[in-house]
Structure formats: structure tokens, C-alpha cells
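Read through the structure below, which is laid out as C-alpha cells, and then see the notes.
Bear in mind these aren't lab numbers, they're just calculated from the coordinates by the rules spelled out. Small disclaimer: the values here were computed from a predicted structure and weren't measured. All Cβ positions, glycine included, derive from the backbone under ideal geometry; neighbour counts span all protein chains shown.
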Amino acid sequence: MTEPLTPPPEELAEAVAPEPAPHDALAALRYPEFRNLTFGVFIITIAILAQEVVLGYQLYTMTHDPLVLGFTGLAEAVPFIALALFGGHLADRRDRRKIILLATAFIALGSLVLLWVTLPSTLARISRSTLLITIYGVIAALGLARGFFSPAASSLTAFIVPREIYANAAAWRSSGWQGGSIVGPICAGFLYAVLGLTGTLVVIVALTLGALLLFTGLKPRPPQPRQDGKAEADLWESLREGIDFVFKTPIILYSISLDLFSVLFGGMVAILPIFATDILQVGAQGLGVLRAAPAVGAMLTLLICTRYPPTRRAWRNLLIAVAGFGVMTLLFAVSKLFWLSVAALFLTGAFDSVSVVIRGTILQIMPPDHLRGRVVSVNGIFLAASNELGAFESGLAARLLGTVPSVIFGGTLTLLTVLYVWRRSKQLFAVKLV
């Protein structure tokens, strides 16, 4: 395994933080660039998820069709998957800071378009079909932006913190995302109740611009030279290198496959408006609590992981975590009590966060520097397939099977996936990450 490149002395003079103490829970946050990156991700996640919640609620109240919610995920997933590998290629060949800034600015522009189209004066002039087409078009454009943003931001961590605190950094980076996942949906529900859709979108635009300001604090990150001495490959060969590395590294392939199938079939986030409206009958504010519950569980677990990383017996812990996710999905499916549903979602987030830390550490340690962006982009494709395509699968399954049976079906498939991977990957129990 190739060691990360050492930065030039002048860069070290600017970036060095105090030597982290053993079991220092704040180790990664002692690096200013990492703080900017993590807090920027926190804020932009609030904006993106708040926007997702209010749009989903608005669309379902307009149509009462679960498939409309599924198409929301599909509209974002298709362009993201189409461009994620190219985004990883650019992250390895271009300045990561510039990619992050341009993608964030584009996301802000998309939110401005949504704000304009939902103004009362605009709504009075356009038909419902035009409104739906515009919303789906903007969501697709945001998927394009994420296809560039995610590989650049995710692969940057390895260049701004030392190798020995990668697990700590993975926990904090995930905490930024999960923290936004808590605040975003809760704020969305209450802001929607107080300000309506248009007022909530004004807040979302302001948050996106705030994230952009934080990202300007990152230093330029030019591409890293190949460490094997070979000439740079052309575009298609470059993309194939990233894919080949993933499929030839079992611990990466199996870890991201577990996430793919568990969230693709076991995730139920996209159809939470149905549970909130028709089953639990808790309205927009209850929907905000349901959406935030997994992130609260994840956030608390991630804070524990900053001090006690789950990477000592990584593969065993990963399988247990994904199995726990499947069990809690089944509990949520059969619950008719609001508090029990919230508790089940809380625990899905707790179990999922353990797998996030382990997978994030694997993705920072295993790939060489010159391939990291492309490997992360392959992981991003798996994540998009699990999250956004999972949203489409959830909406379609809810329409075909019924809402509750579709979630039971997904939770069962998650447990079967864990069993299959366990039987195929026993050699990985001996792998030590740190």
C-alpha cells in the first residue's frame, strides 16, 4: 500500500496543527482546512435536505402519488451516476478547491430557480405540469453538481489530515453530514409551517451561500502525480483504472456493496411523507421529526466514534451494523406508534453511522493518492444508486405492494444481503485498518 505524498515544507508550515494526543476526539478538527470543509458540508447538507423535505411534502400534497416521490430520487440519481466517474477523474486531475466552489455555486443557482418558480406570482402564471417539470429539471441539475462536488470534497480529507487520524476525520466528516441531516429536516418542517415553501427556499439559498463562503477558506489542491512513475492515462483509461481498483480490492467492493443493497432496498426515507400523512398522521412537523431521527442516531454514534473508532475489528463491526439496520427497518415497517417509529429510525441511523465510519476509513487508506478521487467517485455511484435510486424503488414498491409491505420486503432483503456477504467475505475478518 502506497504512503501519501508529503507536502512541501512551506505548505506544512501553514497547515500543521498540534500533534494529536492519543485518543484525541478533536484531532482532525485541529486542522483549519478540515474545519472549513466539515462545517461547509454541514451547512450545505442542511440546505439540500431541507429543500428535499419541503419539495417532497409539497409534491405529495399536490398529487398524493407515491411514484411522484420516487421520480424525485430518480431525477437526481441519473445525472449524478452519469457524471460521478468523470467527476472523480476531474478531482484527480484538477484543483479540488475550484471544483468544490463551482459546484456549490451551481447548487445555489438551482435553489434560486426553485425559489423563483414557487413565488405566488409565478405559480399564478404556470400550470401544475410546468411546475413539476421545472422542479424535476432543477433536481436533475443539482444531481449534476453533486457528481462533481462529492468526489472532490470526499477525497480532499486525505490531503489535509495525517494518515493516523483518518478514522477520526471520517467520523467528524460524517458528523458534519449527519448534523446537517438532523437540522435540515427539522428546520424544513417548522420553516414550512411558518414561512411556507417560498420562505423556506429563501433560507435555503442563504445557507448555500454560507457554505460557499466557508469553502473559500480551503487552499488550492492541484492534482497529485502518479506514484508508479507511469504516464497519465487518457480519459477512458483513467475511468477504468478507478473501477478496476475497486473490483480488485475485496474490502472496498464488499463494503460499498453492503451499503448499496441495504439502503437501496431497506431505505424508506423517500416515502416518509406517506407514513407522516396517511399512517402516523403527524403532518409536516412530524415528517420533519421522522426525517431527522436517523440523523440524530447517527450523529450521537459518530461522536462516540470520534473517541472510540469502530475500526479495530472492522469487518465484523460492519456486518453487525448493516444487520442492525435491517432489523430496525422491519421494526419501523410494523410500527403504528409515532414514538416507536422515531426510535426505530433513530437506531437505523446509529447502525448506519458505524458502517459509514468504517467505509470512510477504508476509502482513505486503501487507494493510492493519484487514484483516490476516482475510487471515491465509484463509491459515490454506489451511494447514489442506494439513496436516489432507492428513493425511486421505494416509491415504486409502495405503489405496487403497498407502503408497509414494501418496507418489510426491503428490510428482509437487507438481512439476506448481509448473510450472503458474510459467507463470501470471511477472509476479511483478519484485515486490520489501523
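A straight Cα-to-Cα reach below 22 Å connects K248 with the lysines K230, K426, K432, residues fewer than 8 places away in its own chain not being considered. Listed by Cβ neighbour count within 10 Å, with the fewest neighbours leading, Y420, Y166 appear as Y420, Y166.
The ellipsoid that matches the Cα gyration tensor of segment 145-216 has semi-axes, each √(5λ) in whole angstrom, of 30, 14, 9, with the longest given first. Here the gap between Q285 and I243, fully extended at 0.36 nm per residue and compared with their Cα-Cα distance, gives a gain of 10.9 nm. For segment 56-170, the pair-distance distribution built from all alpha carbon pairs, in bins 5 Å wide starting at 0, is 2, 11, 17, 17, 16, 12, 10, 7, 5, 2, 1, 0 percent.
Neighbouring Cβ atoms within 10 Å as the yardstick, rank S255, S127, S335 fewest first. Let's see the in-between values first.
Values: S255 29, S127 9, S335 19.
By the 10 Å Cβ count, ascending: S127, S335, S255.
Here the Karplus curve 6.51 cos²θ - 1.76 cosθ + 1.60, taken at θ = phi - 60°, turns the phi angles of segment 297-312 into couplings of x, 5, 4, 4, 5, 5, 5, 5, 5, 5, 9, 10, x, x, 9, 5 Hz, with x standing for Gly and Pro.
With both labels modelled 7 Å from their Cα along Cα-to-Cβ, the L253 to S129 distance reads 4.7 nm. Amide hydrogen proximity for R221: with H placed 1.01 Å from N in the peptide plane, the residues at 5 or more positions away or on another chain lying under 5 Å are R96, R97, K98. Charged neighbours of A103, selected by a Cβ distance under 13 Å, balance to +4 (K, R count +1; D, E count -1).
Backbone geometry of segment 49-59 corresponds, through the Karplus equation with coefficients 6.51, -1.76 and 1.60 at θ = phi - 60°, to 3J(HN,Hα) couplings of 6, 4, 4, 4, 5, 5, 5, x, 5, 5, 5 Hz, x marking Gly and Pro. Counted by Cβ distance under 15 Å from A298, the other residues give a net charge of +1, where Lys and Arg count +1 and Asp and Glu count -1.
The magnitude of the dipole of segment 53-182, with charges of +1 and -1 set on the Cβ of Lys/Arg and Asp/Glu and taken from the Cα centre, is near 300 debye. So for segment 75-139, Kirkwood radius off the Cα pairs, Stokes-Einstein at 4 °C and 1.567 mPa s: how many µm² s⁻¹? So the translational diffusion coefficient is about 95 µm²/s. With R₀ fixed at 30 Å, the C-beta to C-beta distance from D65 to V194 puts the FRET efficiency at about 0.65.
Dimensions of segment 289-355 based on its C-alpha atoms, expressed as ranges along the principal axes with the largest first, amount to 38, 20, 12 Å.
Placing a label point 7 Å from the Cα of S121 along the Cα-to-Cβ direction, the residues of segment 194-221 whose backbone N falls under 18 Å from that point are 197-202.
Distance between the C-alpha centers of segment 269-301 and segment 127-190? Whole Å please. Spelled out, the Cα-based centre of one part sits 19 Å from the other. In this structure, L400 and R163 have a Cβ-Cβ separation that, at R0 = 51 Å, corresponds to a calculated FRET efficiency of about 0.60. Which log10 I(q)/I(0) values does segment 100-166 give at q = 0.14 Å⁻¹ under the Debye formula, counting every alpha carbon as one identical point scatterer? Evaluating at q = 0.14 Å⁻¹ gives log10 I(q)/I(0) of -0.55.
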